[in-house]
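Down below is the structure, laid out as structure tokens.
The values are calculated or read from the model by the stated rules, or taken from the named source; none is laboratory data. Quantities reported herein were computed from a predicted structural model and do not represent experimental measurements. Every residue, glycine as well, gets a Cβ built from its backbone with ideal geometry; the counts of neighbours run over all protein chains shown.
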Amino acid sequence: MDQMLDAPHDAEPSADEAAPPSRRPAWWQSLQAESTRRALLLTALGGLLIAGVITAIPGGDRGGLPVGLNAGSTALGGGPRGNATFDHAVRGTCLNWPEQVPDAAQIVDCKDEHRFEVADRIDMRTFPGSEYGPDAAPPSEARIRQISQEQCQAAARQYLGAKYDPNGRFSVSLVWSGDKAWRQADERRMLCGLQLAGPDGHQLAFAGKVADVDQSKVWPAGTCLGIDPATNQPTDIPTDCAKPHAMEVTGSVNLAEKFPGPVPPDGDQDQFVKDSCTQMTDAYLAPVALRKTTLTLIYSTISLPSWAAGSKQVSCSIGATLGNGGWSTLLNSAKGPLLINGQPPVAVPDIPEERLDLPPIPLPSVDTSSQTSSQIDLSDQSSSSSSSGSSSSGNQGNDHLPGQTQATPTQTQSPQTESATPPTSGTPLPPQGNTFLNGPPPAPGPQGDGGLPPQDGPALPPPPVGDPAAPVIPVVPGPPPGQ
């Protein structure tokens, strides 16, 4: 161990220096992914696909937990490796370390496999205030996350320029010295960069610089993507399918094969990706088997910033939603004993074959004779009322029919009144009651001393020529029926 770290230190108990490496776990976690995805949800029913657009995950740049280069024991304690990492790592440098041992990080050629690409280096000693002073305590996990978001997001954008894909598979993160080097060696240098988040908080190795590779968020078929239990949202981090997860990848589609030019419209992307994902999912899991799982096919399209950054692929996945914006928690692969929210899926009952060929059910015939009669009677009433009093009286008795189609207002009926005087020539017969279609007509004038009361029917025709006209008291006429 380095003599500087072995020397007594006022702020560090000797017990901590003697602690074995296994009792001081590396303080590093991966960036939890959040992305904006417009997903097309398809329900597979045999060969039938029913589509509907949904919005799966809220948008925003992905912030996350940093990678902790814990220099408190092996790496920095031995001296050369940990110190050389912070001394020589610059913008564009690539770092690699054995799996789950970030303390052994060293600089490698970016064309080889590595786990971190440096976007910028930050010396926190240049920051004002006492937070990063010689006697300051190491930052908490929440503070490290905040530093990563404040400093590294902007650094990554500036580093990649137009090649920055906000929806890509690489996440922005932070490498720092760890608690012990912070206390004993006053190490305040941090490295902002890009990583590929893996299962259990580890980093996946990749080859080539981020700006030169396809940043599309794709994984091999059969990969399961984790779920955040606090929000029921996918993390886009591969995990063991036997552990809780949100979806299972069935394949990927390269849109550059169909659209070699600029970014295609969403409608064209939808059609091409839908057809391709359907074929791949059918090959991964037969339609009948998929239907029994009750899972749905999910895929996304590519935005203009992602296309400009070089991302041309999308993943095809299957999963299930809760209906409130969250995702169901899956256990095991869809090819095995799948559990959805802790319960086996309940498949939709099959439709019996005999019900698929049922003859059409005939509709009962409708008797329209009364309707026709009503329309004719109403028409006859309108015409006959202008020609003769006898025909008007005969037609008005058939106006109120159950088959009548014309809407009528509130019906009122006047009491029937008969005159004690027999009708004489030139005196029209009064109606025997009527249903008013358009309001009551104007009342006729008095008929001498024994005049009839006001009638409820349409206006009476004028008396025959030669008979003296009865005096008429002026009234405000109402609209006659049929006009």
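Of Ala162, Ala142, Ala155, Ala136, all but one fail to be on the phi < 0 side of the Ramachandran plot, of a type in the set (A, V, I, L, M) and in contact with an Asp or Glu (Cβ under 9 Å, 6 or more places away or on another chain); the exception is Ala155.
Listed residues Gln158, Gln153, Gln146; which is outside the structural domain of Val314 (by TED's automatic domain parsing), in contact with a Gly (Cβ under 7 Å, 6 or more places away or on another chain) and either hydrophobic (A, V, I, L, M, F, W, C) or not in a strand (DSSP E or B) (or both)?
The unique qualifying residue is Gln153.
Condition first: surrounded by 11 or more Cβ atoms within 10 Å (Cβ to Cβ) and at pLDDT below 70. Can you find one or more residues in the range 358-368 that meet it? Yes, the conditions are met somewhere in the range 358-368.
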